[in-house]
Amino acid sequence: MNTPPNPSEFDVQPASGYAGDISPQLAWAWVQSGEAELVDVRTDAERAWVGFVPGAHALAWKQWPGMAMNPEFDAGIQSVAAGGKKLVLLCRSGVRSIAAAQRATELGLQAYNILEGFEGDPDGDAHRGLKGGWRFRGLPWQQS
């Protein structure tokens, strides 16, 4: 019986409706090499209160309060992609960024979801930041 290889932190995982799922480490490697633009699709409030990645494009998928769709998303994501680079999308846990990557793909762009998001999944006590995520992986971030 063949056992599939374990995906490494530098593999692209297949996805439906967008280019794929990638680890925070691969996203950062692509950004550092100039291959990709990092787009943070969290709300302005999340970035202000929880933290943000310096140099990332801030473009909310949904807006606070009420989490209504951002009517400026399409124009904003097309503007970020104008340079022809891959787009790597980041949200809190890697859920909204899937929807945003699907929409970017519908617009003809090459978009990837960053697994684990900025804060990662909640642990047994419902605390985030202890089980994966951009911050947990030791990647660059700041807090206001």
Margin query: Order these by the 10 Å Cβ neighbour count, fewest first: THR43, THR105.
Written below: THR105, THR43
Next item on the list: Report, ordered by chain and residue number, the aspartates and glutamates lying within cross-link reach of LYS131, taken as a straight Cα distance under 18 Å and ignoring same-chain residues fewer than 8 apart.
Entry: GLU9, ASP21, GLU116, GLU119, ASP121, ASP123
Checklist line | Alpha-carbon gyration tensor eigenvalues x 5, square-rooted, for the chain, Å | finding: 22, 20, 15
Next item on the list: Indicate the gyration tensor shape class of the stretch 59-106 (rounded, prolate or oblate), computed on the Cα atoms with a ≥ b ≥ c the square roots of the eigenvalues: a/c under 1.5 is rounded; otherwise a/b larger than b/c is prolate and the rest oblate.
Entry: oblate
Notebook entry, point to check: If you bin the C-alpha pair distances of the stretch 66-136 every 5 Å from 0, what whole percents do you get?
Noted result: 4, 17, 22, 20, 16, 12, 6, 2, 0
Next item on the list: Would you calculate a helix-derived [θ] at 222 nm for the chain, using -39,500 (n - 2.57) for each DSSP H run of n ≥ 4 and dividing by the full residue count, to the nearest 500?
Entry: -7000 deg cm²/dmol
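We did not get these values from a lab; they are worked out from the coordinates using the rules stated. Quantities reported herein were computed from a predicted structural model and do not represent experimental measurements. Note: ideal-geometry Cβ built from the backbone for every residue, glycine included; neighbour counts use all protein chains shown.
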